[in-house]
Amino acid sequence: MRWRRLVLRLFLAVATALLTLGLLLGWWDSAAMDTDGTRQASPVFTPERPSLGAAVRDFFGIQPEPERQPIAFTHKVHAENRIDCTSYCHTGAAVGPVAGIPGVKQCLICHRTIATDHPDVEKIATYEERDEDIPWQRVYGYPAPAHVKFQHAPHIRAGVNCSTCHGEVEQMTVAVRAVELNMGFCVDCHRQHKASVECIACHY
Amino acid sequence: MDRRDFIKLSALTAGAAGLAGCGHPDHQLIRFLPEESWIPGVATWRPSLCPLCAAGCGVMARVMEGDAEVVRNGRTGLLRMGLVKKLEGNPAHPVNRGKLCARGQAAVQIVYHPDRIRQPLKRRGERGTGEFEPVDWDEALSTLAARLKQVLDDDPAGLAWLSRPLRGGKRVLVERFLATLAAPAPVYFELFDESVLRWANRLSFGREQMPTYTLSVANYVLGLSADFLGTWNSPVAQAIGYGEFRQGRPGRRGKFVQVEPRVSQTGANADEWIPIRPGTEGALALGLAHVLLNEARRPTTAAGTAGERIEGWLQGLPEWTPEAVAEQTGIEAERIRRLARELIAHEPAVVIAGGAALAQTNGLATALAVNALNALLGCVGALGPVRFTPQPESTGLAPPHRTLRALVQKILSRPESPVKLLLLYEANPVFATPPAWQVAAALDRVPFVVSFGSFLDDTSILADLVLPDHVFLESWMDDVPESGTEPAVVSLAAPAMRPLHNTRAMPDVLLDLSRRVGGRLNEALPWKSYEELLRARFDALARRAGADADAFWKQALERGGWWSDNGGTRAAAPRHAAATTRQIRYQPAEMDGSVEEFPFHFLPYASQAFYDGTTAHLPWLQELPDVLTTAMWGSWVELNPQTAERLGIRQGDLVDVTSRHGTLQAPVILSTGIAPDVVAMPVGQGHRAFTRYASRRGANPISVLAPLEEPETGALAWAATRVQIRRAGVGRLVLFSGGLSRFPHPEER
């Protein structure tokens with residue numbers, strides 16, 4: 001089986017070489033900058049996975065680290081000011097399947113007048129000037145191959161607290177993934193509350 | 001793999017995963033500020049219209065929030081906006097009543113096509129090379145306005161408009177635009193144009209339009225080469241009626257016989273398939289009429305004007321005995337008598353002729369013969385299966401094929417083209433005309449060609465300036481279906497989504513252009529936008545219906561159009577045709593090429609996926625297996641197995657198909673559903689240039705067609721070419737099922 005090992009060695013060598021080359025060429029996170037510094041779309045990857053790195057991260061379910069958020073948003077301060085989770089910011093949660101992440105427009109409803117000299121609020125204003133939205137990084141979510149559909153609205157209607165699945169967000173600054181949302185977690189809770197545990201309830 | 005290699009491989013994978021943490025927001029696409037707010041994950045349905053064929057079906061577009069990759073002010077980024085994700089039939093629309101064909105389902109791919117033109121372009125390289133460079137709208141429009149002024153100062157006859165046949169507001173706008181400038185009338189072109197049948201209906205019934213077949217009231221259908229369940233006339237409406245005809249009436253199942261040289265998708269549904277010699281369908285109709293008049297003693301006057309159009313009708317068609325017809329058509333006399341008896345026994349019975357039957361030099365005579373037969377059967381009128389949809393405005397068009405040829409001849413008549421500026425919109429005549437028409441050579445001599453298309457195709461690649469239109473889901477849409485519905489319909493739809501790219505609606509560009517040119521155009525075209533024009537049209541409709549204009553408009557926008565709910569404007573009876581004693585004599589069809597040298601009839605047919613080729617750029621449709629052969633992603637030639645054996649050709653072999661006008665190559669599919677002296681080929685592939693999915697894929701059957709035409713309407717007789725075939729090697733077929741049969745059986749190996 002000498003040839004087999006040879007083939008494997010060759011494969012490893014080529015794979016390593018390609019990866020190194022890719023990294024050197026900046027393909028990993030395809031930072032294809034145009035001459036004027038604006039970003040161009042990668043010709044290879046879709047908006048969902050803009051780079052090879054993103055695709056690999058997606059495959060392994062790796063979430064961005066907290067400090068990667070463009071703005072160090074503090075949930076704690078907002079919760080202390082009694083801003084309800086679903087009334088102003090995550091408005092989709094009460095009415096639809098997806099909670100939604102607020103953009104520049106929602107932030108500026110209050111922050112045109114409140115704390116305008118805070119460096120992070122100034123950042124929001126800068127985004128607006130550039131006609132850009134805040135590139136928030138997703139904290140929760142299922143990778144597509146899980147074939148799970150989660151609907152926020154029925155859970156809110158059933159009186160499930162946000163913190164059941166998202167942890168004590170009101171004590172957090174930048175949101176981190178505090179609860180590992182796997183199937184065991186979902187099914188446990190569904191059993192406790194006598195909710196459906198049929199496959200089709202979530203996998204459809 | 002041993003342990004050591006496994007560890008190495010694992011280390012490599014882990015390394016990759018570790019590196020994966022290097023992602024950074026700065027390295028992702030920027031997000032633009034959204035212009036609209038959506039509840040994420042919740043869909044709304046908005047009415048729109050399918051633009052892909054003349055049936056004019058209403059669709060519902062499922063719109064949801066999503067991230068679109070767009071360019072704004074020179075920057076690429078993601079924009080959160082309402083995006084159309086799916087199309088279904090509009091349940092309220094009278095034409096398709098909630099149903100939609102495969103082409104309509106795939107139409108959503110037009111929006112997100114990777115090769116859509118995203119901004120105005122001007123030609124950079126040589127003509128036809130497809131080298132363009134982006135320009136901004138202002139520059140593009142001022143270039144065009146300057147050109148237009150120059151042409152108008154010189155001679156308004158130097159302006160030409162070439163598009164697919166238009167209806168509704170667009171037709172009004174374009175014709176008024178040209179008329180005000182004293183420019184020649186627009187040239188409309190479509191390969192499967194039905195001017196022969198329209199003209200025949202005008203002569204027979206006084207209505208120059210396509211008929212509406214209400215199959216749900218029929219008991220017997222005799223099809224003559226009409227693919228009415230697949231591609232012809234209003235296929236979705238007809239398929240719904242056909243369903244009721246077969247299964248919707250307990251205890252009464254209609255009988256369906258299809259007569260055609262090759263079994264079409266429609267023929268495959270029939271109780272009986274009768275192969276007929278191409279171009280003799282009219283003779284069969286006259287033979288059937290002969291039996292009805294002489295053996296069943298139907299009075300000749302029962303057919304009214306439609307009968308008077310046929311030479312010899314009033315004498316009882318003495319020449320057209322079943323025996324004489326049998327000799328022409330290849331159908332036994334006894335069978336013809338039986339068909340005639342069945343037509344009487346199963347009243348109301350209807351005969352439907354279309355497609356290749358009318359695409360012959362004797363197409364008009366065939367259509368008139370079938371009209372007379374239908375009139376004799378008493379099936380034409382407000383209660384019979386053949387009806388005419390009331391039209392709010394005239395449907396008559398100058399014969400499209402003739403006007404295109406006239407344009408080409410005008411351009412080629414002088415060394416320097418008298419046409420200086422050509423406006424091109426959604427027509428691809430370079431692809432869809434026989435080479436002898438010389439369309440490409442003519443267009444190449446026009447000094448300045450402007451295309452409004454969303455894609456570069458065989459024709460628009462010749463353009464000097466491309467001003468991309470919005471696609472249908474981004475535009476104000478209206479349509480006036482000519483057939484397929486009993487009440488009169490004027491469809492209407494607001495844009496279902498915002499434009500993705502830097503495009504502008506063609507009607508708005510024309511209005512902008514008129515403002516730039518000024519003068520009489522300002523008075524003739526007072527609207528600021530196409531929306532205003534449509535509103536004005538609907539206000540006029542509301543006045544006629546005695547309704548409140550605002551409520552009328554709002555309701556039309558919600559439903560997808562206006563149609564009469566009460567019986568007031570239901571399908572009308574035929575009018576009496578203008579009194580004329582002109583009679584048409586049935587002549588045998590003329591075929592191009594001698595039987596000895598070119599032994600096969602060549603039968604191109606409308607592809608279920610691509611129709612006339614206009615949808616070949618949509619990958620879903622390339623991937624759609626043909627209903628009868630399961631072939632996809634290419635062209636093929638259908639051949640009878642007996643013929644193939646005689647010529648030593650096997651399934652998958654590449655053959656040369658040669659006519660007097662050209663040669664093409666395509667692989668063979670053997671089919672028992674085709675007459676031994678006929679070879680058939682779907683139209684739609686073989687584009688020289690039409691996006692990454694259709695360019696240089698397969699072969700174009702139109703490229704070997706003879707330029708024969710039906711003499712009265714000038715319509716191309718696209719089924720009148722004879723060919724020879726010769727094996728040229730081994731071809732490549734992609735079949736959805738039975739694909740493995742190409743490989744030798746294990747025992748043969």
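Converting phi to 3J(HN,Hα) with the Karplus coefficients 6.51, -1.76 and 1.60 and the offset θ = phi - 60°, the stretch B:684-696 yields x, 9, x, 6, 6, 9, 6, 6, 5, 8, 10, 5, 6 Hz in sequence order, with x at every glycine or proline. Taking a ≥ b ≥ c as the square roots of the eigenvalues of the alpha carbon gyration tensor, the stretch B:600-742 is oblate, as a/c is not under 1.5 and a/b does not beat b/c.
The mean count of C-beta atoms from other chains within 10 Å of the C-beta of residues in B:32-41, rounded to a whole number, is 6. Only the Cβ atoms of Lys and Arg (+1) and of Asp and Glu (-1) were treated as charged; on that basis the dipole of the stretch B:28-110 about its Cα centre amounts to roughly 180 debye. Classified by the C-alpha gyration tensor, the stretch B:28-110 has a prolate form. Its axis ratio a/c, with a ≥ b ≥ c, is 1.5 or above, and a/b is larger than b/c. Taking 16 Å as the cut-off, the amide N atoms of the stretch A:84-125 that come nearer than this to a point 7 Å along the Cα-to-beta-carbon line of B:Lys86 belong to A:97.
For A:Ile101, the shell of other residues with beta-carbons less than 15 Å away shows a net charge of +2, using +1 for Lys and Arg and -1 for Asp and Glu. Take every DSSP beta bridge with both residues inside chain B and express the antiparallel ones as a percent of the total, to the nearest 5. Close to 55 percent. Using a cutoff of 8 angstrom between alpha carbon atoms and counting only pairs six or more residues apart, the relative contact order for chain B works out to 16 percent.
Of all beta bridges DSSP finds with both residues in the protein assembly as shown, what is the antiparallel percent, to the nearest 5?
60
Taken along the Cα-to-beta-carbon direction at a fixed 7 Å, the label points for B:Arg544 and A:Ala195 span 5.6 nm.
Using just its DSSP H runs of length 4 or more, each adding -39500 (n - 2.57), chain B gives a mean residue ellipticity at 222 nm of -8500 deg cm²/dmol after division by all residues. Go ahead and run the numbers for FRET between A:Arg112 and B:Glu393, Cβ-Cβ distance against an R0 of 45 Å, rounding to 0.05. Step by step, r from the Cβ atoms, then E = 0.25. Dipole orientation for chain B: of the candidates B:Phe192, B:Leu29, B:Thr329, B:Leu29 has the Cα lying most toward the positive pole (charges on Cβ; Lys, Arg +1; Asp, Glu -1). Beta bridges from DSSP with both residues in the stretch B:28-110: antiparallel share about 85 percent, rounded to the nearest 5. Applying a DSSP loop filter and a limit of 11 other Cβ atoms within 10 Å to the GluC sites (Glu not before Pro) in the stretch B:110-172 leaves B:Glu126.
Explain nothing, just the number: dipole magnitude of the protein assembly as shown about its Cα centre with +1 on each Lys and Arg Cβ and -1 on each Asp and Glu Cβ, in debye rounded to the nearest 20.
On the way: 100 positive and 102 negative charges, 216 e Å.
Using Cβ point charges on Lys, Arg, Asp and Glu, the protein assembly as shown gives about 1040 debye.
Estimated from the Cβ-Cβ distance and a Förster radius of 51 angstrom, the FRET efficiency linking A:Arg9 and B:Ser737 is about 0.75. Other residues within the sphere of radius under 14 Å centred on the Cβ of A:Leu181, judged by their own Cβ, net out at +1 (K and R +1, D and E -1). Length gained on full extension, B:Glu332 to B:Arg253: 25.8 nm, using 0.36 nm per residue less the C-alpha separation. When the Cα gyration tensor is reduced to axis lengths a ≥ b ≥ c, the ratio a/c is 1.5 or higher for the protein assembly as shown, and with a/b above b/c it is classed as prolate.
Tell me the net charge near B:Pro235. Cut-off is 11 Å between Cβ atoms, B:Pro235 excluded, with +1 for each Lys or Arg and -1 for each Asp or Glu. Net of charged neighbours comes to +1.
Give the cross-link partners of A:Lys149 among the lysines, using a straight C-alpha distance below 27 Å as the criterion and excluding same-chain residues fewer than 8 apart. Straight-line reach from A:Lys149, under 27 Å: A:Lys194, B:Lys85, B:Lys86.
In debye, nearest 20: dipole of the stretch B:581-700 around its Cα centre with unit charges on the Cβ of K, R (+) and D, E (-)?
380
Among A:Met183, B:Met60, the order by Cβ neighbours within 10 angstrom, fewest to most, reads A:Met183, B:Met60.
Rounded to whole numbers, the Karplus 3J(HN,Hα) couplings from phi for the stretch B:170-182 are 5, 5, 4, 4, 5, 5, 6, 4, 5, 4, 5, 7, 6 Hz, using 6.51 cos²θ - 1.76 cosθ + 1.60 with θ = phi - 60°, and x at Gly and Pro.
Any read-out appearing in this document is the output of simple, stated calculations on the displayed coordinates, not a laboratory observation. All figures in this text were calculated on a predicted structure; none of them were measured in a lab. A quick note on method: Cβ atoms are made from the backbone with ideal geometry, for glycine too, and the neighbour counts reach across all protein chains shown.
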